[in-house]
1. Taking the Cα centre as origin and putting +1 on Lys and Arg beta-carbons and -1 on Asp and Glu beta-carbons, what dipole magnitude results for the stretch 3-72, to the nearest 20 debye?
2. Please give the calculated 222 nm ellipticity per residue for the chain, where each DSSP H segment of at least 4 residues contributes -39500 (n - 2.57) and the sum is spread over every residue; nearest 500 deg cm²/dmol?
3. Using just the C-alpha positions of the stretch 3-72 as equal point scatterers, what log10 of I(q)/I(0) does the Debye formula give at each q in 0.13, 0.20, 0.25 1/Å?
4. Once the other residues with Cβ under 11 Å from the Cβ of GLU43 are scored (Lys, Arg +1; Asp, Glu -1), what is the net sum?
5. Add +1 for every Lys or Arg and -1 for every Asp or Glu among the other residues with Cβ under 14 Å from the Cβ of THR61, and state the total.
6. Kindly provide the trypsin sites (Lys or Arg not before Pro) of the chain that DSSP labels as loop, not H, G, I, E or B, and whose Cβ sees at most 12 other Cβ atoms within 10 Å.
7. Are there any chymotrypsin sites (Phe, Trp or Tyr not before Pro) in the stretch 1-41 that are in a DSSP loop and have at most 15 other Cβ atoms within 10 Å? List them by number.
8. Provide the net charge surrounding LEU30, with neighbours chosen by a C-beta distance below 10 Å and charges set as Lys +1, Arg +1, Asp -1, Glu -1.
Amino acid sequence: MFTLRAAKCEDLARNFEIWCTSVLATHQFLSAEDFDEISELVEKSYLPTADFTCAGGANVTRLLRLDRERLTS
């Protein structure tokens, strides 16, 4: 069982880890340089400012975002 809650500032490192793991598993077409460039933008600009919902128990295991009434993850 997991719970849903709004992401907090202290979730940033874990949320970035989830994002990196997901992208590396599904975006094999990205070069290492592209990944590094994009990941810096995601970590410094996107994740801290976007509204996310975290799912999990004591530890965050999923990162969700509602975008124009559409669930993205």
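1. Working: 8 positive and 12 negative charges, 99 e Å.
Approximately 480 debye in magnitude.
2. Numbers: 2 runs with 25 residues, N = 73.
For the chain, the value works out to -10500 deg cm²/dmol.
3. For the stretch 3-72 at q = 0.13, 0.20, 0.25 Å⁻¹, log10 I(q)/I(0) is -0.38, -0.87, -1.20.
4. Numbers: positive: LYS44; negative: GLU17, ASP36, GLU40.
So the surrounding residues net to -2.
5. On the way: positive: ARG5, ARG14, ARG62; negative: ASP11, GLU17.
It works out to a net charge of +1.
6. Working: sites: ARG5, LYS8, ARG14, LYS44, ARG62, ARG65, ARG68, ARG70; in loops: LYS8, ARG68.
Those that pass, being in a loop and sparsely packed, are LYS8, ARG68.
7. On the way: sites: PHE2, PHE16, TRP19, PHE29, PHE35; in loops: PHE2, PHE29.
Those that pass, being in a loop and sparsely packed, are PHE2, PHE29.
8. -4
Where a number appears in this text, it was derived from the coordinates with a stated rule and is not lab data. If you're wondering where the values come from, they're calculated on a predicted model, not measured in any experiment. In this analysis, Cβ positions are derived from the backbone assuming ideal geometry, glycine residues included, and neighbour counts consider all displayed protein chains.
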